[in-house]
Amino acid sequence: MQKQNDIVLEIKNLNIFYGAIHAVKGISIKVPKGKIVTLIGANGAGKTSTLSAIAGMVKPKEGEIIYKNNNIAGKSPHEINRMGIALVPEGRRIFPNLTVYENLMMGAFNRKDKEEIERDLNWVYNLFPRLKERLKQLGGTLSGGEQQMLAISRALMSRPDVIMMDEPSLGLAPVLVSEVFDIIKVINENGGTILLVEQNAAQALKISHYGYVLETGNIILENNSDLLLKDENVQKAYLGMA
Amino acid sequence: MSGATFLQNLFNGLMFGGLYALLAVGYTMVYGILRLINFAHGDIMMMGVYFAFYASLAGAPLWLSVLIGIFGAAFLGFLIDRVAYKPLRNAPRISALITAIGMSFFLESIAVVVFGAVPKSFTAVFNENNKWLLDKTWNIGGARIPVLTFIVFLITALIFMLLFWIVYRTKIGMAMRAISSDIPTTSLMGINVDMVIGFTFALGSAMAAAGGIMWAMRYPNVFPYMGFMPGLKAFIAAVLGGIGSIPGAVVGGFLLGLLEIFLVALMPSAAGYRDAFAFIILIVILLIKPDGLLGKKSVVKV
Ligand SMILES: Nc1ncnc2c1ncn2[C@@H]1O[C@H](COP(=O)(O)OP(=O)(O)O)[C@@H](O)[C@H]1O
Ligand SMILES: [Mg+2]
């Protein structure tokens, strides 16, 4: 079990349906401040659905989503973002018809602190020097890796208290995969609280503090990440070890 | 065609084209965001003209009447989206389309009931002080061009500059462009998407009313169905330019206005077919370049 204190985000008994399909079956998750929590599981396990519910994109049928002592279940996406939760969506979802700079400013849309925005811009330029060279380019012209970096940067630009990432390594070349995981670690070392969803279980568990294993809508296992890495079942099912 | 006649037609074409363009932008913005053809758009224009007309009748000076017409239409556009289209955002697209057609009939019927079916003369908005707007002409290269034509053209140009500034240089404009490519992700940025859509309706409706009011100054017949034909023409202009593209709507509007005027000038006997001509253009463009002049290649969303 994780320590009770400093839990920023807690999901209790979350149930999500799509019509008759019961996609998420009463799961509970805790995200402590300043930690990386990862949710691993195969395709169709319900990872995206869970993040979508937290972000307000789908309405859960049952359950609570407690964020800073408020139940935010059922609130709309823009309200939840304004409260400090950002999502790096599956498939990156860059605005293709906006420039790279505009994409970043979309992340900072509700902020008024010009100087701090400038500081955060410089921070993401530092994290991703390649973006800085492409500020005037349209988002749609970036490569897959660059788009992923932009999607992460865009989320950072809202200066979120919790940043959720949905399979950030998906579809990237191996070099870029490592780069993305390195960056996630750097964001965390700078104080970021992260809820990370991945199919790349090995890398996700290596950088995270705590992990949940999701299978067809149920959490079948949870533990400190280093222990999950050593778990025989996890090794067999998710780390490709016999 | 003599030089003077050519100039005459050119200015006429530019004025008409500008009015089509002002209306076309509203179609294209709403389409770009919701993939909805707002058939009530021409009728919102009509309402704006009536608002200005009655404001003037109630004693408001010309400039105030114009503003009342424009802001009244903007509010009406916003309201129509809220009550009629917003509840259908997740419904099949055909439902919203049918609602739009219904809204068009509804506004026309309301206008008949409230304002009466008998046409009113918009010249009533002019008085001793500003009647010169109607009478004064300038002699340009032998052609007598009404000063109003220039004023309409100038105001149209200013409105478009304002529009492009809003869409490409302000935050709300950035949000409008973001929504046109991805509504859910825009909401993830903390943006209240419905407010932005409402703003888009208001902006398009305001521009339509501005166009309608200037139109009524030149052709002072105000009646409940006055929005129908200009609305249809502006829709054709938007398709011609590439529906969804704002620069396309502007280009399409001016092009259609000029084509119409010069067609009639070159073939006076075809004057009666002027409206049919616009539809021929629509059919031709749909056949040979369905994405319009400046439209992007349409991508089927999977
Ligand atoms: N919009 C939807 N409509 C119907 N079923 C859906 C929808 N989204 C997801 N599902 C179903 O819910 C289950 C969980 O999907 P998802 O949350 O996307 O899983 P994951 O992200 O772990 O791959 C799957 O069976 C999927 O088919
Ligand atoms: Mg997924």
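Mind pulling the angle between the C-alpha long axis of helix B:171-181 and the longest principal axis of chain B? Nearest 10 degrees, somewhere in 0 to 90. That works out to roughly 70 degrees.
With a Förster radius of 25 Å, plug the Cβ-Cβ distance of A:Tyr125 and B:Arg169 into 1/(1 + (r/R0)^6) and report the FRET value to the nearest 0.05. Before the final figure, lay out each step's value.
Details: r = 23 Å, r/R0 = 0.91.
Efficiency, rounded to the nearest 0.05: 0.65.
Accessible area per residue (1.4 Å probe, heavy atoms of protein chains only) ranks B:Val30, B:Val113 as B:Val113, B:Val30, with the largest value leading. Remark: the B:Phe262-B:Leu79 segment gains 62.0 nm on full extension, using 0.36 nm per residue and subtracting the alpha carbon distance.
Placing R0 at 60 angstrom, the Cβ-Cβ distance between B:Met195 and A:Asn224 gives a FRET efficiency of 0.85 after rounding to 0.05.
Relative to the longest principal axis of the Cα atoms of chain B, helix B:193-218 runs at roughly 10 degrees. Take every Cα pair under 8 Å whose residues are at least 6 apart in sequence, average their separation, divide by the length of the stretch A:1-78, and the relative contact order is 34 percent.
One chain, two ends: A:Asn15 and A:Lys61. Fully extended at 0.36 nm per residue, the span grows by 16.0 nm beyond their Cα-Cα distance.
Computed from Cα atoms, the angle from the helix B:3-34 axis to the main principal axis of chain B rounds to 20 degrees. Under DSSP H, which helices of chain A have Cα atoms covering 15 Å or more of the helix axis and a Kyte-Doolittle average no less than -0.5? Qualifying helices, which must be both long enough and hydrophobic enough, are A:144-156, A:174-189. Treating each Cα of the protein assembly as shown as an identical point scatterer and ignoring solvent, apply the Debye formula and state log10 I(q)/I(0) at q = 0.06, 0.07, 0.10 Å⁻¹. Ignoring solvent entirely, the Cα scatterers give -0.39, -0.51, -0.86. For the stretch A:92-156, a crude dipole built from +1 on the beta carbon of Lys and Arg and -1 on the beta carbon of Asp and Glu, taken about the Cα centre, is about 180 debye to the nearest 20.
Relative contact order for chain B using alpha-carbon pairs under 8 Å, separation at least 6, rounded to a whole percent?
Computed value for chain B: 36 percent relative contact order.
For the protein assembly as shown, the residue among B:Val125, A:Leu227, A:Ile117 whose Cα projects farthest onto the positive side of the dipole built from Cβ charges is B:Val125.
Under a 10 Å cutoff between Cα atoms, tell me which one of A:Glu64, A:Glu79, A:Glu215 has the largest fluctuation in the Gaussian network model of chain A. Result for chain A, Cα springs under 10 Å: A:Glu79 fluctuates most.
Net length available on complete extension from A:Asn233 to A:Glu189 is 12.9 nm, with 0.36 nm assigned per residue and the Cα-Cα distance removed.
Extending 7 Å from the Cα toward the beta-carbon at both A:Glu116 and B:Ala91 defines two label points whose distance is 4.3 nm. Label separation (B:Phe71 vs A:Asp6): 5.4 nm, computed from points 7 Å beyond Cα along the C-beta direction. Between B:Leu287 and B:Ala4, the distance separating the two model label sites (each 7 Å from Cα on the Cα→Cβ line) works out to 4.0 nm. Over all Cα atoms in chain B, the spread is summed up by Rg and Dmax: 19.2, 61 Å. Using a Gaussian network model of chain A with C-alpha springs under 10 Å, which one of A:Ser153, A:Ser169, A:Ser178 is most mobile by mean-square fluctuation? The residue that fluctuates most here is A:Ser178.
Highest GNM mean-square fluctuation among A:Ala20, A:Ala73, A:Ala202, for chain A modelled with Cα contacts below 10 Å: A:Ala20.
How high is the relative contact order of chain A, in percent, counting Cα pairs under 8 Å that sit 6 or more residues apart?
Numbers: 462 pairs, mean separation 64.2, N = 242.
Relative contact order, chain A: 27 percent.
Surface analysis of chain B yields an accessible area of 44 Å² per residue, using protein heavy atoms and a 1.4 Å probe. Between A:Lys136 and B:Val114, what FRET efficiency comes out of the Förster formula 1/(1 + (r/R0)^6) with R0 = 60 Å and r the beta carbon distance, rounded to 0.05? Approximately 0.70, to the nearest 0.05.
The values are calculated or read from the model by the stated rules, or taken from the named source; none is laboratory data. In this text the structure is predicted, and so the values were computed from the model without any measurement. All Cβ positions, glycine included, derive from the backbone under ideal geometry; neighbour counts span all protein chains shown. Keep in mind that these areas ignore ligands, DNA and RNA; they rest on the heavy atoms of the full protein, side chains included. Shrake-Rupley method; radii C 1.70, N 1.55, O 1.52, S 1.80 Å.
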